[in-house]
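> Take a look at the following structure, please.
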Amino acid sequence: MHDAERIYQIHRILQGTRAPLSAQELADRLEVSSRTIKREIAFMRDRLGAPIDNDPASRGYLYPDQGETFELPGLWFRADELHALLAASQLLESVQPGLLSDHLRPLRRRIDQLLEKSGHSGDTVASRVSVKHTQRRIVEPRHFDIVAGAVLKGSPLTIRYHGRGNDQITERTIHPYRLLHYRDNWYLIAWCEKADAMRNFAVERISQAESLDAPLRAIDAEELDNHVDRAFGIFTGHPAHTAQLRFNATRARWIADEIWHPDQRSEWQGDHYLLTLPYADPTELILEIMRFGADVEVLSPPELRALIAQRHRQAAGLYAAIEEEKEGQD
């Protein structure tokens, strides 16, 4: 049991009784040691201001009359716990009515109950703390059901896939291993027979899917984890390159608090911040770097530095053409 939940249970038990309860009686109810109860009572008194009295005769604990109106302050979850609960609640809220509606309703109620452990109603927490989804792409529910079912069942799929990069529609037989929710979008990690290699498929680009009654190609768990986790972003693979990015003082204070990759290294250079991280495919890393414009400089490798410089020249040329057009109209 979480400490916060136990404290609330002690509080509710003492509010609901007029007779003093010993530490052992409370311990028996909550299935913990009497030492734990004494520690929690001391915390409630000293840190939370709970007016808990000791009855000298029974050596028990009780609330005086004002205990009826005393309420514990909100015991908030950690940031990651609160984010997970809110994200789960909002994901369930977005589910369209269907076969799972009756099964999901109790789960939503349980999440609301957990949110209320903060000392506030679930509706209050959800209305005052929000999880904002951005750049989310729409997935066809029917296709998602087939894809998710194949992943959980461990069966191959035939899919019709429209790739964004080459704008081509292909039919493939794939062996799906994992669904990845990344930056508010779903990706399917699978072995592609056509490519004879691991590939990542954006689920919303699957226009047709059919599960096959055939064995799934075996894969080593470590190999799969390395494919998903070792390189930068969604473009996974063996991280054959290492990028060194130097952020100026304008952005350094923000970047210093961010984790771009679990294997990143960082150091301060005066008021500048040097970030070193591995990558395989530069596509997503380039997009990330370009967000910061002149506030970041690529120090290495030379080929990545050249690509970023080329992008900046192209952008500058675009705006120069616009300015020339405006001058011509004047």
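The values are calculated or read from the model by the stated rules, or taken from the named source; none is laboratory data. Being a predicted model, the structure only gives us computed values, none of them experimental. Cβ atoms come from the backbone with ideal geometry, glycine included; neighbour counts cover every protein chain shown.
> All but one of (1) without any contact (Cβ under 8 Å) to a residue 12 or more places away in the chain; (2) surrounded by fewer than 16 Cβ atoms within 10 Å (Cβ to Cβ) hold for Lys38, so report the exception by its number.
Lys38 satisfies every listed condition except (1).
> So, Asn185, is that one in contact with an Asp or Glu (Cβ under 9 Å, 6 or more places away or on another chain) and within 30 Å of Arg265 (Cβ to Cβ) or not? Explain how you work it out, then say what you get.
Working: in contact with an Asp or Glu (Cβ under 9 Å, 6 or more places away or on another chain): yes; within 30 Å of Arg265 (Cβ to Cβ): yes.
Yes: the conditions hold for Asn185.
> I would also like to ask the following. Quick one: in segment 135-162, of everything that is modelled with pLDDT of 90 or more and among the polar types (S, T, N, Q), which residue is surrounded by the most Cβ atoms within 10 Å (Cβ to Cβ)?
The residue in question is Ser155.
> Among Leu188, Leu179, Leu285, which is within 18 Å of Pro301 (Cα to Cα) and in contact (Cβ under 8 Å) with a residue 24 or more places away in the chain?
Details: Leu188 fails: within 18 Å of Pro301 (Cα to Cα); Leu179 fails: within 18 Å of Pro301 (Cα to Cα).
Selected residue: Leu285, the only one of Leu188, Leu179, Leu285 that is within 18 Å of Pro301 (Cα to Cα) and in contact (Cβ under 8 Å) with a residue 24 or more places away in the chain.
> Asp271 fails exactly one of the following numbered conditions: (1) touching a strand residue (DSSP E or B) at 6+ places or on another chain (Cβ under 8 Å); (2) surrounded by fewer than 16 Cβ atoms within 10 Å (Cβ to Cβ). What is the number of that condition?
(1)
Per-residue answers, yes or no, for (1) in contact with a Phe, Trp or Tyr (Cβ under 8 Å, 6 or more places away or on another chain); (2) at pLDDT 85 or above; (3) surrounded by fewer than 15 Cβ atoms within 10 Å (Cβ to Cβ); (4) not polar (S, T, N, Q):
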site	(1), (2), (3), (4)
Ser118	yes, no, no, no
Gly122	no, no, no, yes
His133	no, no, yes, yes
Arg164	no, yes, yes, yes
Thr173	no, yes, no, no
Pro176	no, yes, no, yes
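> Among the listed residues Ile259, Ile308, Ile286, Ile255, which satisfies the condition of being loosely packed, with under 11 Cβ neighbours inside 10 Å, closer than 30 Å to Asn226 by Cβ and either β-branched (Val, Ile, Thr) or in contact with a Pro (Cβ under 7 Å, 6 or more places away or on another chain) (or both)? Let's see the steps before the verdict.
Working: Ile308 fails: loosely packed, with under 11 Cβ neighbours inside 10 Å; Ile286 fails: loosely packed, with under 11 Cβ neighbours inside 10 Å; Ile255 fails: loosely packed, with under 11 Cβ neighbours inside 10 Å.
Exactly one residue qualifies, and that residue is Ile259.
> Another question, if that's okay. Just checking, which of Glu303, Glu267 is assigned to a strand (DSSP E or B) and at pLDDT 95 or above? Lay out the reasoning, then the answer.
Values: Glu303 fails: assigned to a strand (DSSP E or B).
From the options Glu303, Glu267, the qualifying one is Glu267.
> May I pose another question? Find the residue count for segment 215-252, including only residues that are in a loop (DSSP other than H, G, I, E, B), surrounded by fewer than 16 Cβ atoms within 10 Å (Cβ to Cβ) and modelled with pLDDT of 80 or more.
6
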